[in-house]
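The values are calculated or read from the model by the stated rules, or taken from the named source; none is laboratory data. What you see is a predicted model; the values in this text were computed from it and never measured. Here the Cβ is made from the backbone with ideal geometry for all residues, glycine too, and neighbour counts use every protein chain on show. Just so you know, the surface numbers come from the protein's heavy atoms only, side chains and all, with ligands and any DNA or RNA stripped out. Shrake-Rupley method; radii C 1.70, N 1.55, O 1.52, S 1.80 Å.
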Amino acid sequence: MLPSPPPATPLRGDIKADWVILGAGLAGLAAARRLAELQPDASIALVEARRVGFGAAGRNSGFMIDLPHDLNSHDYTGDRTKDLQQIRLNRGAIDYLRDIVQRHSIDCDWREQGKLHGAVEKHGIKALEAFAKGLSGLDEPYSTLNAAEMKAVTGTDFYQAGLHAPGAVLVQPAALVRGLAAALPENVQLYEDTAVHSIETGARHVLVTDHGRIQSPRLILANNAYASQFGGLGLKGNILPVYTYGSLSRQLRPDELERLGGEESWGLIPADPMGTTVRRMGFGRICIRNSFVYRPGITAGRQHLARVKAAHQRSFERRFSMLPGIDMEYTWGGALCLTRNGGTPFGEIAPGVFSAVCQNGLGLTSGTTSGKLIAEYAVGIESELLDIMLQIPKPASNPPEPLLGLGVRSTLAWKEWHAGSEL
Ligand SMILES: Cc1cc2nc3c(=O)[nH]c(=O)nc-3n(C[C@H](O)[C@H](O)[C@H](O)COP(=O)(O)OP(=O)(O)OC[C@H]3O[C@@H](n4cnc5c(N)ncnc54)[C@H](O)[C@@H]3O)c2cc1C
C-alpha cells in the first residue's frame, strides 16, 4: 500500500567490507545501525534478497510487544525473574526504535496505545485471568474489560472479556522498516535484490550472490528462519521455520466504519496463543492473522494461501457480522523462526560469525534487540542488557526429520484445535 520504493542497489562485482550483515529485517537493520554508531569508520555491507519491507519484517501485524509473550504458553507469563528481564529487553528495543523514529521523522503510524487481549470462550477467559495474575505479580499495570467494554473499543460483541496492557506500541511495519533503511548511517551500504546463495566461512568469509561476492572477516547473520538453509552453520534442525499468515481487508467506506463503531485504531491479541490476532488500522482496514504451519522449505505455498484466505474471511465474518461481504484484499505468509524451548542461538557461533537470528515470533522487539546487542557483543561492548541476552538458553536440539516434522506438525495441529473459537 506504500508508494513504490526508489530503485534498489543490487550488488554487482566483488567487494570487501569490514562487516557483512545478511538480511535487512528488524535484526539486520538494527545491527547495521548499531555497528555504524560504534564504528563510524568501518565499511558495513547489508545484504537483502528482496526489497526492505517485502519480507516478514514489513508484513506483520505491527505489535511492538513489551511484555513476555511466549507463543507456547497459555498464560503468557512464567518465571518472574526471566519475565522482568524479558520486559527490560523488549522495552530497550522500543526505546531504541522510538528514538530513531523521532530523530528521523519516520512516518510509520507509531501509536503508543498498548494492546488488548480478547477472550471468546471459557478457556480463553481463564487464560486471561492467569495472565492478569501474572501481570500483578510483575507489578505491571493493566485493566480488565467486560463484554460491553470490549464492544465499545472493537465494535463487535464477539469478545466476552478482555485485558488492556498499556506498554505495547502499534506501527505500520513496512513503513517502519523502510524508514529505518532510508535513515541508515552513511558507512552502511545496503544491497537489495541481492540473494546470498552460499557462505564459505574462514579468516575472510565469502558470500556468493547472483552477480558478485562479498569478502569480510566478520559476518552477522540476521536472516532469521532462512538461516536454516545454510547447512554448515550448525543451526539447521535446531531452529524451526514456521509460517504464519495475515490478511488485510479492503478499505472500509465511511458508512461501514460507522456501522462497525468502536475506536479508530486498536490491536487485539487472542487469549489463546493459537487464536486470531486482529488489528483495526488507523486508515480503515482490518488485519487478521492466524494459522501456524511448519514449512522447512520456507515458502508460503500458493494453494495454502488460498485456504488461509478463506479461513481469514471466516474469522473476519465471525467477528464482524455487521460488515458482510468485505473481501480480504491482500493475503500473505511470512516465516517465523521458533525453537522448541524459546531459546536463541545469539552469540558467536563460529570464529567471526555472529548470530542475531531466531526471534521466536516477536521480531519487532526481539529482532531489534538481537540486532542491536549482537553489534555490541561483536565489538566487545558490555551492558546489562547484553548480559541478560547472553543468559537466554541456546535452542534445544531436535530429533532428525521425519520425526521432527511429525512432532512439530502434530503439536501445531493440536494447539490450533485447542484454540477453538478463539481462532
Ligand atoms: C503475518 C505475520 C504477522 C506477524 N506479526 C508480528 C507482530 O505483530 N509483532 C512482532 O513482533 N512480530 C510479528 N511477526 C513476526 C515478525 O515479522 C518476525 O519475527 C520478524 O520479521 C523477524 O525479524 P528478523 O529481522 O529477525 O527476520 P526477517 O524479518 O525474516 O528478516 C530476514 C531477512 O533476511 C533476508 N534473507 C533471507 N535469506 C537471505 C539470503 N539468502 N540472502 C539475502 N537476504 C536473505 C530476508 O529476505 C529477510 O528480509 C509476524 C510475522 C508474520 C508473518
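Observations on the model:
- Residue check for Ile106: crowded, with 24+ Cβ neighbours inside 10 Å and more than 13 Å from the ligand (Cβ to nearest atom): no
- Any chance Val52 is more than 30 Å from Glu129 (Cα to Cα), in contact with an Asp or Glu (Cβ under 7 Å, 6 or more places away or on another chain), buried (at least 24 other Cβ atoms within 10 Å of the Cβ) and modelled with pLDDT of 95 or more: yes
- Summed over the range 109-146, the residues that are open to solvent by 30 Å² or more (accessible area, probe 1.4 Å) and closer than 18 Å to Arg280 by Cα give a count of 5.
- Search result, residues across the range 202-238 that are modelled with pLDDT under 95, within 13 Å of the ligand (Cβ to nearest atom) and either in a strand (DSSP E or B) or charged (D, E, K, R) (or both): Asp210
- Pairs are defined by a Cβ separation below 7 Å, a sequence spacing of at least 6 or placement on different chains, a first member in the range 33-61 that is in contact (Cβ under 8 Å) with a residue 60 or more places away in the chain and basic (Lys, Arg), and a second member that is open to solvent by less than 40 Å² (accessible area, probe 1.4 Å) and within 6 Å of the ligand (Cβ to nearest atom); the pairs so defined are Arg59/Gly246; Arg59/Gly334.
- If the condition is being polar (S, T, N, Q) and within 28 Å of Ser315 (Cβ to Cβ), then the range 94-153 contributes Gln113, Ser143, Thr144, Asn146.
- Restricting attention to the range 209-222, the residues that are open to solvent by less than 50 Å² (accessible area, probe 1.4 Å) and touching a helix residue (DSSP H, G or I) at 6+ places or on another chain (Cβ under 8 Å) total 3.
- For Ile94, the criteria (1) in a loop (DSSP other than H, G, I, E, B); (2) within 15 Å of Gln359 (Cβ to Cβ); (3) not small (Gly, Ala, Ser) hold in every case but one, which is (1).
- Subset tally (residues that are open to solvent by less than 10 Å² (accessible area, probe 1.4 Å) and more than 30 Å from Leu404 (Cβ to Cβ)) for the range 232-251: 1
- Any chance Phe283 is among the aromatic types (Phe, Trp, Tyr), open to solvent by 10 Å² or more (accessible area, probe 1.4 Å) and within 11 Å of the ligand (Cβ to nearest atom): no
To keep it simple, each residue is scored yes or no on (1) touching a helix residue (DSSP H, G or I) at 6+ places or on another chain (Cβ under 6 Å); (2) under 30 Å from Ile214 (Cβ atoms).
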{"site": "Ile125", "(1), (2)": "no, no"}
{"site": "Phe131", "(1), (2)": "no, no"}
{"site": "Gly134", "(1), (2)": "no, no"}
{"site": "Tyr142", "(1), (2)": "yes, no"}
{"site": "Thr156", "(1), (2)": "yes, no"}
{"site": "Leu163", "(1), (2)": "yes, no"}
{"site": "Leu176", "(1), (2)": "no, yes"}
{"site": "Tyr191", "(1), (2)": "no, yes"}
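- A single entry from Ala306, Ala271, Ala311 fulfils the requirement of being away from the ligand (no atom under 14 Å from the Cβ), open to solvent by 10 Å² or more (accessible area, probe 1.4 Å), farther than 19 Å from Ala57 by Cα and over 16 Å from the mean Cα position of the chain (by Cα): Ala306.
- Subset of the range 186-205 [open to solvent by 40 Å² or more (accessible area, probe 1.4 Å) and within 23 Å of the chain's Cα centre (by Cα)]: Asp193
- Selection count where residues are surrounded by fewer than 16 Cβ atoms within 10 Å (Cβ to Cβ) and either under 22 Å from the mean Cα position of the chain (by Cα) or among the acidic types (Asp, Glu) (or both), scope the range 314-331: 4
- Residue that is farther than 18 Å from Leu170 by Cβ and modelled with pLDDT of 95 or more, where the choices are Arg279, Arg250, Arg285: Arg250
- All strands (runs of 3 or more DSSP E) inside the range 318-399 with 1 or more residues being within 13 Å of the ligand (Cβ to nearest atom): 328-338, 353-355
- Selection status of Tyr243, within 8 Å of the ligand (Cβ to nearest atom), under 20 Å from the mean Cα position of the chain (by Cα), more than 20 Å from Val20 (Cβ to Cβ) and not β-branched (Val, Ile, Thr): yes
- Residue match in the range 175-185 (condition: open to solvent by 30 Å² or more (accessible area, probe 1.4 Å), in a helix (DSSP H, G or I) and at pLDDT 95 or above): yes
- Residues (more than 30 Å from Ala8 (Cβ to Cβ), among the hydrophobic types (A, V, I, L, M, F, W, C) and more than 16 Å from the ligand (Cβ to nearest atom)) located in the range 147-201: Ala147, Ala148, Met150, Ala152, Val153, Phe158, Ala161, Leu163
- When the range 378-423 is filtered for residues that are charged (D, E, K, R) and either within 28 Å of Thr276 (Cβ to Cβ) or open to solvent by less than 80 Å² (accessible area, probe 1.4 Å) (or both), the ones remaining, listed by number, are Arg409, Lys415, Glu416, Glu422.
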